[in-house]
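Take a look at the structure set out below.
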Amino acid sequence: MLLWVSVGLFLVVALTPRPASAYTWMIRHGYTGCATCHVDPSGAGLLNEFGRGEAADTLRSHYGSDPPPVEPFFGIWKNPDWLLTGGSFRDMLLFTKVDGAPLTQQNILMQADLRLGVETGRWRSAASLGLLTNGNSPAALVGNLVAREYWLGYTFVNDTVLVRAGRINVPFGIRSIEHTQFVRLETQADINDTQEHGVALAARGAGFRGELMAIAGNYQVSPDAFRQRGYAGYLEWSPASHYALGVNSLVTHDARDVHLGVANLRQAHGISLRAAPAEWLVLLGEADYIAEGLSGRPRWNGLATMLQADLEPWQGLHFVATGETGTTTPGLPGIGTSWSLWGGVAWFFLSHLDARFDYVHQSFSTPAPVGRVPVDAYMFQLHLFL
């Protein structure tokens with residue numbers, strides 16, 4: 001019974017997202033890069049003024065007239081030219097059915113963050129501060145107060161090169177809100193709470209963009225043995241305005257893995273694809289080789305993959321289908337491949353509001369005697385963008 005409860009708790013945690021905002025399907029509008037709209041050169045988080053304009057023009061549904069502008073905090077105040085502000089509130093109702101266990105229901109405050117950015121001369125900076133009901137997040141500062149990112153940077157070569165230091169989203173793979181996908185869980189590179197402290201160099205131009213980060217560890221967790229140190233980076237090439245191919249690499253070491261309790265040399269190397277063969281269809285794909293060198297245990301190797309199709313038959317209304325595979329329990333013998341299928345609908349129905357419903361069927365491969373465990377999840381999310 002205890003084993004079933006432990007497995008069930010793990011699966012519920014794995015299915016509980018607290019995402020920020022990143023919509024990689026914007027490539028359908030010819031945006032192969034992210035720095036055009038975001039303060040973060042690799043995407044996600046705080047929007048600049050151009051990004052806010054695009055949010056009103058190309059993100060939400062139109063109803064026969066031009067939509068109102070997406071102003072910070074509904075236009076309650078006007079930012080000076082050097083200041084960017086914003087925020088995000090996302091709530092989710094989650095129903096989970098683990099095979100052999102009763103249906104569970106949770107209401108989860110996934111995100112309640114305020115964001116601020118400064119652009120003055122060549123200097124750039126950004127920070128977020130939020131509240132979570134679960135204070136165990138790796139992004140926690142004190143109690144339920146969380147800071148997902150904060151950094152200071154300096155630009156060169158007409159803003160095409162940015163050097164920054166602070167707590168930064170790890171540059172690896174496709175940056176999306178579905179941080180519970182295997183490619184994000186197993187690489188530990190999402191925009192939820194796996195940010196790391198370090199120094200990063202981002203550059204773009206001539207059809208290429210990329211970022212390389214020297215990782216110093218997450219100084220919002222302790223003791224120091226838990227902190228991973230190493231590097232992460234990606235390089236993406238866009239042969240045409242609606243296609244992008246990327247390579248990703250990450251190597252880190254910690255003296256004591258926070259989950260496995262032993263020293264760990266962790267590697268992830270992979271490829272990614274973003275393609276819009278038609279304006280109404282975007283394909284996203286990623287495949288990552290994962291390796292974990294656990295002290296005193298055999299070397300573990302695995303593969304995480306994801307393929308997603310986003311259909312937008314009417315502006316602002318998205319039908320999303322995803323298939324993925326992965327191995328969720330590294331370092332244990334006899335673990336097969338887990339897989340899942342996602343189906344969802346997202347609707348950006350107003351300038352500051354969107355809603356999303358997802359059904360997810362997962363088949364987790366777990367250690368004996370439990371074996372394979374089917375899980376069904378139903379998720380409804382409401383997102384208020386400030």
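Give the residue that is nearest to the chain's Cα centre (by Cα), with candidates limited to residues of the range 197-224 that are touching a residue at least 60 places away in the same chain (Cβ under 8 Å) and over 25 Å from residue 32 (Cα atoms).
Filtering first and then ranking leaves 218.
Which residues, counting only those in the range 252-261, are hydrophobic (A, V, I, L, M, F, W, C) and buried (at least 16 other Cβ atoms within 10 Å of the Cβ)?
Hit for the range 252-261 is 260, nothing else.
It is to be established whether one or more residues within the range 240-251 are within 30 Å of residue 317 (Cβ to Cβ), surrounded by fewer than 16 Cβ atoms within 10 Å (Cβ to Cβ) and out of contact with any Phe, Trp or Tyr (no Cβ under 8 Å at 6 or more places or on another chain).
yes
Tally up the residues in the range 284-316 that are out of contact with any strand residue (DSSP E or B) (no Cβ under 9 Å at 6 or more places or on another chain) and within 29 Å of residue 254 (Cβ to Cβ), please.
3
Give 187, 194, 180 a once-over and let me know the one that is touching a residue at least 40 places away in the same chain (Cβ under 8 Å), touching a helix residue (DSSP H, G or I) at 6+ places or on another chain (Cβ under 7 Å) and polar (S, T, N, Q).
Checking each option against the conditions leaves just 180.
Residues that are within 30 Å of residue 305 (Cβ to Cβ): which strands (runs of 3 or more DSSP E) entirely in the range 127-233 hold 2 or more of them?
The strands (runs of 3 or more DSSP E) meeting that bar are 161-168, 196-205, 208-217.
Go over the candidates 368, 355 one by one and state the one that is farther than 29 Å from residue 270 by Cα, at pLDDT below 85 and not hydroxyl-bearing (Ser, Thr, Tyr).
None of the others qualify; the one that does is 368.
Can you tell me which residue in the range 114-151 is surrounded by the most Cβ atoms within 10 Å (Cβ to Cβ), limited to those that are within 19 Å of residue 221 (Cβ to Cβ) and touching a Phe, Trp or Tyr at 6+ places or on another chain (Cβ under 8 Å)?
That would be 128.
Which condition breaks for residue 271 when tested against (1) under 22 Å from the mean Cα position of the chain (by Cα); (2) farther than 26 Å from residue 228 by Cα; (3) surrounded by fewer than 16 Cβ atoms within 10 Å (Cβ to Cβ); (4) not hydroxyl-bearing (Ser, Thr, Tyr)?
(2)
Being in contact (Cβ under 8 Å) with a residue 60 or more places away in the chain and part of a helix (DSSP H, G or I) is the filter; apply it to the range 37-75 and report the residue that is surrounded by the fewest Cβ atoms within 10 Å (Cβ to Cβ).
Per the stated criteria, the residue is 74.
Among the residues of the range 321-330, are any in a strand (DSSP E or B), among the hydrophobic types (A, V, I, L, M, F, W, C) and at pLDDT 95 or above?
Yes, that holds for at least one residue.
The values are calculated or read from the model by the stated rules, or taken from the named source; none is laboratory data. The structure presented is a predicted model; accordingly, all values stated were derived computationally and were not measured. Note that each Cβ is placed from the backbone with ideal geometry, even for glycine, and that neighbours are counted across all protein chains shown.
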